[in-house]
2 protein chains.
Amino acid sequence: MRKIALLVTSGILSAFFASSCSNNNKESQCPCKEKKECAVNSEGKCGGCAEHKDHQQPSDSLPLDEKKAQYMRMAIDLSIKSVNEGGGPFGAVVVKDGEVVAASANRVTINNDPTAHAEVMTIRNACQKLGTFDLSGCELYTSCEPCPMCLSAMYWAHISKYYYANDQFDAAKIGFDDAFIYEELDKPIENRTLKRVQMLRDEALEAFKQWASKGDKTEY
Amino acid sequence: MRKIALLVTSGILSAFFASSCSNNNKESQCPCKEKKECAVNSEGKCGGCAEHKDHQQPSDSLPLDEKKAQYMRMAIDLSIKSVNEGGGPFGAVVVKDGEVVAASANRVTINNDPTAHAEVMTIRNACQKLGTFDLSGCELYTSCEPCPMCLSAMYWAHISKYYYANDQFDAAKIGFDDAFIYEELDKPIENRTLKRVQMLRDEALEAFKQWASKGDKTEY
C-alpha cells in the first residue's frame, strides 16, 4: 500500500516537473538562483533547475493542504534518496511565504559532521539563501520528528512551525535513539552519562562583561 | 582582580609562544597541519603556526590541571576576541590525547548561521581535522555551559567529557536565555510555543524500511 502511495506521489511529481523549460537561461525560479537547465511543471511554470530538483516549487494554484503535502513529500523524497547515497534516512525542507527556500538530506556520515542532521543542514542552507540568522516566518518540514539538537536549532532559528512524518519511536526502531538524549536532558545533571566540570568562571565572565557594555553588538 | 588574572594568563601564553620556530616549513605541530610560520614555546617546541595561535598546544611538561586550565583559557580567549570581532561571547576547544584538535568562537551573526554556536563549530572543525563523525575520546572545553542544542550535539559526537566556565544563569543575565529552550523541552509537547503537526507518516516510513534492509550502511 505504501509502495503504491509512493508510486502515485512520484507520478504526480513527474507530471509537474517532467518536460524541459522554455525559460532556460532566463530567470530560474529554483531557490538556488542559478540559471541552469530548468524543468517545467504541468502549468508551464518553471519548476526549478534540473540540478536542484529537490528545491522545486509546487504550483501556486494548489490548495494549501496539497501544497503542504508536496513540501513534506520533498522531504520524504530526500530521505529515500539519502539511503541510496549513503546518508541517514532523513530529509527536510524550509518554506517561507509558500516558497521552498532550502532543502537537505542528512549528511552526517557523508560530510563527517555529527551535527549535519537534515533539519540543521536545511536551516543553515535557508539562512545562507536569505542572508540572515533569523528564520522567523519560515516553516520546516521534516521526514522525521526532530531530535533535541534539531528542535533546539529550530528555536534558535525562530522557525514558526514544523511538520514531521515519522516519529521518534519509528526512528528508535531502526537504531536512531533520540530518546536516549531526551532522557539524558531530563536527568539531574550529576546523573547524566556525559560528565562535566566547571572551572575558571571568574576569568570567563570577562567576555560577558565586555558583551554587556558593548554598544554596537548584533544580538540574536 | 579578574583583569590581573587575564594579564597573567596572557603573559604565560606569550612566554610559551613568543619566539619564532626553527622548525619552519618542516613539520608544523599546529592541528591545522598547514606548514606556515611557527611560534616556539619556552621549551623550544613548535607551538603551532602563527596564523592559528588559537590552536597552540600547552607544553607537554605541564601538570594535567594546568594543561586543563590552559585549554579553558584558549576557549575564554576566543570568547573575548569574539566580542571585539562582532560575534557572540563564546569560545570552545576540543582536545584529544592532550592535544588541541580544534577551536572556534561563536559565529552565529558573522556566518548567518543560528547553529554556529562555539561548541557546534568546534565539533564540526574537529571532525573535519580527524576525518570522522565520531569524537569518542575527545574532551570539550567551553567558555559557557552548553545550550540544549550544543549539549545534544556533544552526545551525537560522542564527546567523552566537557568542561565549562560561565553558567547558563550568567548567560541569561546578558540576554542569552538558553533556559527558555530547556523549559520548552520540559513542557508537554502540546504546551510548547513551537507548534507542530504530524503528516504522511505512512509514506515517510519507506525510507526507514529501506535503511533497515540496507546491508552496507554506515551507522552513527
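Every number in this text was worked out from the coordinates using simple rules, so none of it is lab data. Every value quoted in this text rests on a predicted model; they were computed, and no experiment measured them. Neighbour counts run over all protein chains shown; Cβ positions are idealised from the backbone, glycine included.
Counting, for every residue in B:90-96, the Cβ atoms of other protein chains within 10 Å of its Cβ and taking the mean gives 1. Ascending distances from the residue A:136 label point to its copies in the other chains, with the point 7 Å along the Cα-to-beta-carbon line: 4.4 nm. Given the pairs B:81/B:173; A:81/B:129; A:96/B:173, which span a C-alpha to C-alpha distance of over 26 angstrom in this model? The pairs that break the limit, which is 26 Å between Cα atoms, are A:81/B:129; A:96/B:173. For the stretch B:106-220, the ratio of Cα radius of gyration to the globular rule of thumb 2.2 N^0.38 Å stands at 1.31. Running Debye on the stretch A:172-220 with equal point scatterers at the Cα sites and no solvent, what base-10 log of I(q)/I(0) appears at q = 0.22, 0.27, 0.29 Å⁻¹? For the requested q values the scattering log ratios are -0.83, -0.96, -1.03.
Comment: the Cα-to-Cβ extended label point of residue B:182, at 7 Å, lies 2.0 nm from its counterparts in the other copies, nearest first. Plainly put, the tip 7 Å out from Cα toward Cβ on residue B:84 is 5.3 nm from that tip on each other copy, the closest given first. Its residues counted as N, the stretch B:87-134 yields a C-alpha radius of gyration over 2.2 N^0.38 Å of 1.13.
Label separation (residue A:64 vs residue B:84): 5.2 nm, computed from points 7 Å beyond Cα along the C-beta direction.
Here the Karplus curve 6.51 cos²θ - 1.76 cosθ + 1.60, taken at θ = phi - 60°, turns the phi angles of the stretch A:146-157 into couplings of x, 6, x, 5, 5, 4, 5, 4, 5, 5, 4, 7 Hz, with x standing for Gly and Pro. The packing ranking of peptides A:188-196, B:173-181, highest mean first, is B:173-181, A:188-196, where packing means the average number of other beta carbon atoms within 10 angstrom of each residue. The mean number of Cβ atoms from other chains found within 10 Å of a Cβ in peptide A:59-69 is 1, as a whole number.
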